[in-house]
1. Assign unit charges at the C-beta atoms only (+1 for Lys and Arg, -1 for Asp and Glu), then state the dipole size of the stretch 292-412 relative to its Cα centre in Debye, rounded to the nearest 20.
2. Please give the net charge around Leu223, taking every other residue with its beta carbon less than 10 angstrom from that of Leu223, where Lys and Arg add +1 and Asp and Glu add -1.
3. In a shell of Cβ-Cβ distance under 9 Å around Cys520, excluding Cys520 itself, what net charge do Lys and Arg (+1) and Asp and Glu (-1) give?
4. Let me check the size of the stretch 675-783 from its C-alpha atoms; what are the radius of gyration and Dmax in Å?
5. Would you mind putting 167-180, 476-489, 852-865 in packing order, based on average other-beta-carbon counts within 10 Å, highest first?
6. Residues with amide H under 5 Å of Asp245's amide H, sequence separation 5 or more or different chain, H placed in the peptide plane at 1.01 Å from N; which?
7. Just for the Cα atoms in the stretch 442-537, what are the lengths along the principal axes, largest first, rounded to whole Å?
8. So what's the net charge close to Thr144: Lys and Arg +1, Asp and Glu -1, counting the other residues with Cβ under 12 Å from its Cβ?
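What follows is calculated from the coordinates using simple rules that are stated; it is not laboratory data. Because the structure is a prediction, the values reported are computed rather than measured. Quick reminder, even Gly has a Cβ in these numbers, built from the backbone with ideal geometry, and neighbours come from all protein chains shown.
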Amino acid sequence: MWWILILSTCLHSSWSLTWYPPATLNAMRGEQIDLVEAVNSTYTPIWTKRNTVKNGIAVDDPESVDSIDSEQSPINSVDRDREPLDEVERIEPRQWPGKPDILPTRSTAPFTTERSLPPRSPQPTTLAQRDPSAQRFPTAPPSTVTIDEVFCDFGPAPSMPLCEWQNGNGALDWASGTGMGTNWLGGPSTDATSSTMEGGYAFLETSQIPLKDVKFKSLGGLLHSPQLGSTGVSGTCFMFKYTMDGLSIAGLRVLLHVGTDEFSFKKEQTEELPEENITATVPCEPVEIVEERVLWHAQYYTLGAWQQAQILYTYPELHSIIIEGVPVDATDPSRLYRGYIAIDDIDLQPGTSCVGFCNFAGGFCDWNNDAEDDFDWTISRGSGNPTTGPAMDSSTDRATAGGYAFIDSSFPRRPGDTAKLISSSFPATMPDAPMCMHFWFHMFGFGIGYLKLYLRHFRSSDTQLQEIWGLSGNAGNAWFMSQVTISSLEDFQLVFEASVGIIGMGDIAIDDISYGPGACPVSPQVAAPISRDCTFEIDECEWINSRDPDRVDWERVATQVLGPRNQRKPYSSGHTINRRNEYFLGLARLRGGSRTSGGGTAQLVSRKMKGSEEPLCITFWYFMFEPFIDSTGPSLGVLRLYVQAEGDSSRAKPIWQLYNNQGPTWNYAQTNINQNKDFNIVFEGTWGPNRASGSIGIDDIAFYNGNCSVKPMSAVVHPEDCSFEKDLCGWENTTVSDNDRAVMWQRAFLTHRPAQLLDRTFGATGDFVFFDIFTTNKESIKVQLQSPVINASPDEEFVCFFFWFAAFGVEESTTLRVIKISAEENEGESEGEQEQPLWSLTAKGLNNPRPVWMSAQVSIEARTPYRLILEGSASNGGFAVDDIKFQPLACASKANKIKFIYKNTRK
């Protein structure tokens, strides 16, 4: 009769049932459970009406009762996808604005996988966590590894190329490589471990196109970890390094795979159990329940640079980690271009290894209550008062929900009482490496107080706390993500301070503290103590357009005006939410002009900022792209950043500058600000002739304390750099004329230019300097253009003077020279003795009907202040000069190598 029972099971599989141990239901109700300790536990079966054939064995019981509807939750659900401020009670200073801010809430939207995953229903304790002797399986239960076995640095010649990690069902495969062996195949040139070409890494080459007739789970590459057991209450710290570069990359994600992972096993690990442990074999296909949750993602940050990533997560059951590298869509033209996504130094450590991270599942981690405040923060799994506090932590999954930290505002608390939560100490951040701190907050109830985040420097014990984030008032019954840049020139601590409002129905909670690399604008916007960071998602954040007679403004623009391949890709915030990048600030066209019309300048001016002895760094993202460049060269325009000191009527100081096309993607920028006086920051955009439809935009402005370098390096600018678009930039004529006719360097314009020469910068009719001399007696006349004083920099022993020139003339006497003179007057030296010739060229052989721009450069010793002189002489002809630029370090010239080779060939 046993075969009849088996057959009936297959025909009526819709009535097969699954049991849940109380441990799992308790976890669903918010109680903290560590299922590692659930082995040999006893429980009473609770049934749910659902098809669950596990490992080929159907389970049934005629005495099942009280089915539980999996669509209903025993705890009131909270809408985490609503817009914030749905239930705002009142508006207070530095509180929530009149119009809602954009605050991301928890979401796990699919990225590139072909199908979205259904919500996870509660699962029983996994087979690997139960006592095998009490279970009956046709094969051995899945084996798990310790966290130490997951480590992989992809050594230079590993016997196991991907260690214990394995490729999954992705369209692309991860491969091991080295800079020496696979850089030419598309991988990075060095590894992260040793920064050498011999070191190993794993990478995806993203320009590959998969077969169209094969269906893959991911359009990219999936790298699966070995099977892992419960993380325990303290969680697991997953650490690795990654780098991305190229136009064909789209992103990198880390996924949590729930349950058994078929790609986490090696064939030789499969082991049959003895026959006495097998009671039945049922040919019915088991129902596959697969779910992958996004733990972390990273898209564009610093292309080509290795970066550290850390992820703290908890999960009580069998699982695996998947690293997914994703290219752009196969239909995207960028897919034709090579790119890579590479990882290195994968490691899993106990949760305490993620310093400063905390999800409050098992306590306060390395955060502590202040002994000198009015009361303490406490840990909760869910509010006991429906009129205030969250129903559960910021997780979207009740089965894995942990705890959160909160202040209880009920009796005996009084209005104004404060509680402080203090982090462990952090080392000083590097000048170019601030941190972006992320956390979730919940401020719901009547009479909510304030929540503030402070930075405590270790200068002295009584150092004043520096407020870097703060909100007050009711935000609605939802969890919201926040972020703020963390930087300090010395060791520091972070301090959360929360206060009790007017009555005891205003609890405040925080959860999921984490950190990522790089600066980020304060979110929500109104939480910034000083209104200077801006994402432009709501408004211009007190940045204003200066009314320019050219009638051009900076305007908030929806990303939809850009093509799909040019739209902003979220930067590497290291968080799992989908940041909204729906708006940016774009340079508008002349009113009434077409999209391809050129000309016009717009200035975006910040509010007044206080000067300080401490260095300040500004970061932002920029987009400068022209889809078509004609034979005359790029013509898009220029983006500049100025510092205008208060009370200084002189020309604003340029601190960052880029010209023309910079590619079809958004790029990261930063530059240093050193101002003792109060000042304003000015973003200036100027259209060139722009013969094709192009765009100039900025986004996500952020500030932090630190003496950062200029990025990209090509944006380095000095006050003496000049393209002669508006004036001579401080350069001046010093020519002494011996006759009535003024002979000097002149600025070109439409009707006054030699040989119909177009300028070098934009290919336009003008905006360069030149001299053009003709004498009847064939005597040469000299003209001089002198630079402003160029001050020595302690960090620059040499600089490279770079410029473009065009020659026109018929005589060898037409000459251009670069001369250095000291800015300090030395007694006993004549003017001629102070001159140091650096560079010289005659026009012989360069006379063309249409002059051609050519580049030149010369290294200059810059230990003391100096001036440069552009000296021209001619009797019939001249030179034009454009795009003068001073660059750090000596010029990378090949002239010395050429001479060396020539000398050796004569021996």
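1. Values: 5 positive and 17 negative charges, 111 e Å.
Here the size comes out at about 540 debye.
2. Numbers: positive: none; negative: Asp173, Glu324.
So the environment of Leu223 carries a net charge of -2.
3. Result for the local shell: -2.
4. Rg then Dmax for the stretch 675-783, in Å: 19.9, 63.
5. Numbers: 167-180: 20.0, 476-489: 22.4, 852-865: 14.7.
Per-residue mean Cβ counts within 10 Å order the peptides as 476-489, 167-180, 852-865.
6. Gly304, Tyr340
7. 40, 36, 25
8. On the way: positive: none; negative: Glu149, Glu164, Asp261, Glu317.
Here the count lands on -4.
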